1. May I ask you to say which residue of A:R261, A:R217, A:R243, A:R238 is assigned to a strand (DSSP E or B), among the basic types (K, R) and either touching a Phe, Trp or Tyr at 6+ places or on another chain (Cβ under 8 Å) or free of Cβ contacts under 8 Å to residues at least 40 places away in the same chain (or both)?
2. Report yes if B:S206 is polar (S, T, N, Q) and under 26 Å from A:P269 (Cα atoms), otherwise no.
3. Determine whether B:S113 is surrounded by fewer than 20 Cβ atoms within 10 Å (Cβ to Cβ) and in contact with a helix residue (DSSP H, G or I) (Cβ under 6 Å, 6 or more places away or on another chain).
4. Within the stretch A:252-266, which residues are of a type outside the set (A, V, I, L, M) and in contact with a strand residue (DSSP E or B) (Cβ under 6 Å, 6 or more places away or on another chain)?
5. Among the residues of the stretch B:131-158, how many are at the interface with chain A (Cβ under 8 Å from one of its Cβ atoms) and surrounded by fewer than 22 Cβ atoms within 10 Å (Cβ to Cβ)?
6. Give the stretch A:51-91 a look and list any residue that's more than 17 Å from A:A128 (Cβ to Cβ) and under 60 Å from the mean Cα position of the chain (by Cα), or say none.
7. Say whether the condition of being at pLDDT below 80, outside any strand (DSSP E or B) and not polar (S, T, N, Q) is met by at least one residue in the stretch A:380-388.
8. Name the one entry in A:G273, A:G297 that is in contact with a Ser or Thr (Cβ under 6 Å, 6 or more places away or on another chain), within 14 Å of chain B (Cβ to nearest Cβ) and either open to solvent by 60 Å² or more (accessible area, probe 1.4 Å) or part of a loop (DSSP other than H, G, I, E, B) (or both).
Amino acid sequence: MSPIHWLVGRTLVSVMASALTLLVPLSAVTSGAVSSELAALTLEPNTGSPGTQVKAVASGYANCPPTGNDDVGPGDVAFLWNGEDRLATIPVDNGSAVATFVVPESASLDGHEVVARCLGDESFTASAGFTVTPPVEIPTVVPNIVGLPVDEAADQLENARLALGQIAGEGEVIRSQEPTAGTEVEARTPVDVVLGTVEPVLVVVPDLVESSVDEARSALESVGLRLGSVSGSGDVVRSQSPRAGVEVPTETTVDITVAPRVPELVTVPDLVGLNVDDVPNILVSAGLVLGQISGVGELVLSQNPAAGTRVRSGSEVTVSVEGDVPPPLLVEVPNLVGGTVDDAGAALVAVGLILGNDPPGDGTVESQDPVAGTLIALGSAVTVTVGTSSLWWPAAVGLTVLLGGVLLARRALLARRDSTWVRTHVRAAPGAAPGDAEVVDSRIDGSPPTHAVRIEPHTDIGTQVLEERIR
Amino acid sequence: MSEATITTPLTARAFLLGTDARADTADSLGQTLSRHGVARSALRGVRNLSTPALHAVDGEIGTVAQGLIDLDLGDVLVAGWRKYSALTNAAERTLAMPGSEEVVVLATHRVTSTHRPYVDLLVDGAKVNTFDFELKIVFDVVGLVAVVSSGDLVALRGGRCVITATLALEGAQLGQRQARGDLALMVQLHPPVPLLDTAAAARVTSQTSGQQPSPQPRTAGPDGA
């Protein structure tokens with residue numbers, strides 16, 4: 001084969017191949033025309049008011065060709081409202097095109113047609129009906145228009161999607177309304193009004209002092225008043241205008257002045273001497289709290305701050321405690337009479353007492369105070385009185401011993417007859433007054449008694465002295 | 001000195017001389033007087049009075065003396081508290097506000113009650129001597145809480161008390177005793193004990209007769225605030 005024959009042969013093959021290539025789309029178009037009969041459109045929902053969102057699904061558009069000169073890629077499906085207004089253009093995906101659109105607000109309340117049309121081949125067209133219904137009415141609450149001029153009332157009603165109804169009576173402001181304020185009604189419901197003169201409703205201004213701004217606002221609103229200007233800085237209302245207790249019309253504004261909160265001062269109670277277990281409750285009652293407890297024991301020995309101090313509410317009070325209160329030690333005063341002062345001092349020291357005065361050390365103690373046998377507190381002083389030293393005291397001692405012997409002998413003599421003598425000679429008889437007693441020394445032979453001894457008691461209700469102890 | 005705790009109402013006589021039979025305590029006091037030679041000293045100017053008679057006089061003095069100290073310790077303490085402003089103020093407030101009650105925290109305090117009864121000794125109608133007794137009762141009170149209502153002391157809570165009583169005759173100590181006392185048990189508050197005298201109570205009542213504020217419980221400190 002010559003090269004020319006080879007070239008001609010190749011050209012013919014190419015031309016034939018090209019012709020075959022052109023035939024394939026043609027056959028496809030032919031089959032697509034057949035498939036376009038399967039095109040369908042569904043709407044979900046298919047009824048609703050203007051503004052309703054609708055999902056449109058166009059199926060059977062697998063062979064929808066691309067538009068223009070494009071020979072590759074998916075075709076586009078246009079969704080049209082009533083066949084004219086384009087709602088959306090969606091490329092075909094797996095033979096379907098899904099669009100979401102909103103029913104036009106201008107749509108009339110009747111049946112409409114939604115069309116899905118392949119832009120590359122209008123033979124792929126499907127349609128579905130959509131019925132536009134009236135919008136659902138949302139209830140509204142009737143505002144309070146009593147006391148307002150008609151024009152202002154009409155504006156408020158319009159804002160509430162209501163309408164001004166019949167107007168009766170004469171006056172500048174609305175005296176009553178029907179339906180009344182707060183009633184829930186359908187939109188565009190007319191509200192009838194009666195004109196007249198409205199007497200102002202007076203309310204008492206509440207006391208706002210010491211309250212917070214929020215509390216003041218709530219208190220005012222609860223009685224129909226409004227919070228006006230807030231001057232100053234702080235978190236507590238210090239003054240207000242109008243003042244509390246004044247009667248003012250409702251809706252009156254009340255101006256307030258605020259200031260920083262002043263901490264409340266409380267008095268620290270006296271805790272000394274109390275059981276530490278009781279202290280927390282006592283402090284809480286006083287608006288205070290228990291702080292650190294130092295020491296070991298149950299009784300409060302001291303406190304800080306001291307009792308009576310004015311401190312901020314909630315402050316801590318620290319206490320120190322001690323153990324059980326030891327009882328005071330009492331010792332018996334020894335007998336110092338007859339001994340020397342030096343002996344007395346030594347005797348006192350031996351039992352934990354001290355000599356209260358300073359007489360000559362070689363003097364003889366004639367008396368002492370307190371007397372021997374008295375129980376006094378450990379460490380107390382005992383005073384003594386001394387006589388002057390002289391040469392005649394041995395004689396005095398001898399005389400005393402002699403006299404004592406005589407007395408003892410007489411007592412022994414008398415004691416022998418005591419048991420019978422007392423029974424027969426002495427008796428205790430009731431006295432003349434209640435509590436009195438009488439002792440009569442009588443004789444066994446019936447002779448008149450020698451003496452009558454009367455004892456008359458006199459009571460004393462006593463005096464009481466109270467003193468607080470600083471511990 | 002006794003460390004026992006007194007838990008019942010007690011008289012000064014029983015506290016000092018024991019709770020034995022009355023005759024025994026009187027006899028004990030009489031013997032004490034005899035040891036001190038009371039009658040002998042007082043009647044030394046009386047002729048022909050026998051020693052048994054002197055002992056009998058001592059015994060009788062002891063008998064009447066024990067009657068002189070037959071004072072309820074709780075009553076004595078309450079008498080002292082009637083001078084305590086924290087209590088009397090609370091009494092006035094609660095009397096002025098019927099139904100109210102105040103809990104008064106009493107500070108550590110001491111009530112000293114001194115009684116000076118005496119016994120006259122007459123021989124054949126003529127007074128020959130006077131025996132001056134002195135009974136001193138000291139209450140050291142710590143940590144006591146008192147409840148006051150309608151002007152009365154109605155309850156005592158907590159606290160502790162040390163009671164020291166001394167009986168002396170003409171400066172000579174006849175007896176002394178110290179013991180702890182449980183005031184809630186010692187002080188008889190049934191019925192409640194008035195803290196105000198009649199005049200003070202009448203004054204408060206007349207002042208408040210025209211106004212009757214609502215009851216409001218409160219706690220008063222030792223200062224009465």
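1. Working: A:R261 fails: assigned to a strand (DSSP E or B); A:R217 fails: assigned to a strand (DSSP E or B); A:R243 fails: assigned to a strand (DSSP E or B).
Sole residue among the options that is assigned to a strand (DSSP E or B), among the basic types (K, R) and either touching a Phe, Trp or Tyr at 6+ places or on another chain (Cβ under 8 Å) or free of Cβ contacts under 8 Å to residues at least 40 places away in the same chain (or both): A:R238.
2. Answer is no for this residue.
3. Details: surrounded by fewer than 20 Cβ atoms within 10 Å (Cβ to Cβ): no; in contact with a helix residue (DSSP H, G or I) (Cβ under 6 Å, 6 or more places away or on another chain): yes.
The answer is no for B:S113.
4. To start, the set of residues in the stretch A:252-266 that are of a type outside the set (A, V, I, L, M) comprises A:252-253, A:255, A:257, A:260-261, A:263-264.
Listed by number, the residues that qualify are A:T253, A:D255, A:T257, A:R261, A:P263.
5. The qualifying residues number 3.
6. Within the stretch A:51-91, A:G51 is the sole residue that qualifies.
7. For the stretch A:380-388, residues at pLDDT below 80, outside any strand (DSSP E or B) and not polar (S, T, N, Q): absent.
8. Numbers: A:G297 fails: in contact with a Ser or Thr (Cβ under 6 Å, 6 or more places away or on another chain).
Exactly one residue qualifies, and that residue is A:G273.
The values are calculated or read from the model by the stated rules, or taken from the named source; none is laboratory data. Bear in mind the structure is a predicted one, so any value in this text is a computation, not a measurement. Here the Cβ is made from the backbone with ideal geometry for all residues, glycine too, and neighbour counts use every protein chain on show. Side chains included, ligands, DNA and RNA excluded: accessible areas come from the protein's heavy atoms. Shrake-Rupley method; radii C 1.70, N 1.55, O 1.52, S 1.80 Å.
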